[in-house]
Every structure is written in structure tokens, then in C-alpha cells.
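Report on the following structure.
The values are calculated or read from the model by the stated rules, or taken from the named source; none is laboratory data. Here the structure is a predicted model, which is why all the values come from computation and not from measurement. Note: ideal-geometry Cβ built from the backbone for every residue, glycine included; neighbour counts use all protein chains shown.
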Amino acid sequence: GNSVTQMEGPVTLSEEAFLTINCTYTATGYPSLFWYVQYPGEGLQLLLKATKADDKGSNKGFEATYRKETTSFHLEKGSVQVSDSAVYFCALGLSNTGKLIFGQGTTLQVKP
Amino acid sequence: DVKVTQSSRYLVKRTGEKVFLECVQDMDHENMFWYRQDPGLGLRLIYFSYDVKMKEKGDIPEGYSVSREKKERFSLILESASTNQTSMYLCASSVSRTRYTEAFFGQGTRLTVV
């Protein structure tokens, strides 16, 4: 079946530390991959996306590369800020149905 | 600006009540979705719809039904609310099933069933 697995949180980092949140997927066909972010008390916002193998999505200093050979889409940021504290969701999109399948979410807490 | 609006941010209902959660999008999107979000479980798809009056079950449809009479509106119905339906409910929309792009989400409705 189709599924997404994210590293378990919470992840606690100091400001300016390097961030990696791992995401791996299982899918049939050629899915699109997404990272969404949810700030406290808000809905989900798209952070970045990649629609085919070897694509790199980037936004606000975050980036992730669609790796078909390892079925991964790990999220990275070189220097996190307190304002990056949020829940991050990895998701895959199935092109034949439009469905989005989410991972369980990873909570990031950045301390000053 | 893209907008998905859910009718309530917070709801408290009693066990056994019939509950309606409403969602409206202003982007002329074909796809609309209802998810529930629970800690440690991520977002789980309840139902989705790719056209007016069309619906498909997601991963956890039991205890829920949906209605889509107009393209812009997608309602989630809890026929007889139970305490295990206490959760955050998120509505989303996307362009179409054949031209997949990202989904846009509403602010969420936090439902408590007492």
C-alpha cells in the first residue's frame, strides 16, 4: 500500500542548529512529495514540494530532495530559528486520485 | 488569495447528537477532503470528493458521512457523535484528481464530544 513514515519527535534544538527530519515513503506509481508545516493553533501550510525524482523543493531556508532510489524526502535546514517551532508533516500525493497521505508528524521545538 | 474556510474553530457536542462540520473553498477546486488529526497518528483521511455529489471513502469512514451538493462546499456529518470522535478535523481542497497539485487547508475545527 501507500504510506509515509517520519522520524519520531519531539525534536529539540538550539537556535542556529542544523535540522534534519527524516521521511521515507512506500508508493505505487510516481507520487508527488510534500512537506507541510503546522504552527500552533493553525491549519497546515505547504512548506515545499517535489513532483519527480531528483527534484529539490526549497522554501524559507528549508529544502528536501526527492530520492527515488532510497524512497526518501528528508527535510533539512542549515540554521533553525525559534520561529521554526512547529509540527512538520511529510506527505505523498497520488496522481491518479488526488489523495494526500500523511506521516504522523514531527514536533520541532527550537530553544533560544 | 486561496481560501478554505471551516465554519467553526471549536465545537462542544453531546454524545448521540448529529453534528455537521462545514467547509467552503473559493478556488473552484474539484477535490475536497476531510481529515482528522490526532496526536501520534498524523492526519487520517475520512472521506474525499472529486466532484459534486461524488464521494469516496478514505481510511477511517466509519461513523461519518459527507455531502457535496455544490462544488465549493463539503460537509462532514457525524450521525451520532461519540467520545472517540473527539479530535481536530481539517478540511482541504486541491485542483483536480487528474492534475495533481498541493492541497490547501482550512484552520481546523476542534470538536469535543462529552
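Quick notes on this structure:
- Among the residues listed as A:Leu94, A:Leu46, the single one being closer than 29 Å to B:Ser8 by Cα and within 11 Å of chain B (Cβ to nearest Cβ): A:Leu46
- Scope segment B:1-30; condition more than 23 Å from B:Thr112 (Cα to Cα) and in a strand (DSSP E or B); matching residues: B:Gln25
- Candidates A:Thr12, A:Thr51, A:Thr106, A:Thr26: the one that is more than 9 Å from chain B (Cβ to nearest Cβ) and under 27 Å from B:Ser96 (Cα atoms) is A:Thr26.
- Screening segment B:43-67 for residues that are under 16 Å from B:Met88 (Cα atoms) and buried (at least 21 other Cβ atoms within 10 Å of the Cβ) and picking the one that is farthest from the chain's Cα centre (by Cα) gives B:Leu43.
- Matching residues, segment B:71-90, being part of a strand (DSSP E or B) and among the charged types (D, E, K, R): B:Arg73
- Among the residues of segment A:30-43, the one identified as more than 9 Å from chain B (Cβ to nearest Cβ), of a type in the set (Ser, Thr, Tyr) and more than 30 Å from B:Tyr10 (Cβ to Cβ) is A:Tyr30.
- Segment A:5-60, residues that are surrounded by fewer than 16 Cβ atoms within 10 Å (Cβ to Cβ), free of Cβ contacts under 8 Å to residues at least 24 places away in the same chain and among the aliphatic types (A, V, I, L, M): A:Ala53
- The residues listed here are B:Arg44, B:Arg36, B:Arg68, B:Arg73; of these, the one that is facing chain A (nearest Cβ under 10 Å) and basic (Lys, Arg) is B:Arg44.
- Of all residues in segment A:72-112, those satisfying the criterion of being over 13 Å from the mean Cα position of the chain (by Cα) and of a type in the set (Val, Ile, Thr) are A:Val80, A:Val82, A:Thr97, A:Val110.
- Residue match in segment B:1-21 (condition: at the interface with chain A (Cβ under 10 Å from one of its Cβ atoms), surrounded by fewer than 17 Cβ atoms within 10 Å (Cβ to Cβ), in contact (Cβ under 8 Å) with a residue 60 or more places away in the chain and basic (Lys, Arg)): yes
- Some residue of segment B:97-113 being under 17 Å from B:Lys13 (Cα atoms) and among the aliphatic types (A, V, I, L, M): yes
- Test for A:Ala50: is it hydrophobic (A, V, I, L, M, F, W, C), under 18 Å from B:Glu102 (Cβ atoms) and at pLDDT below 95: yes
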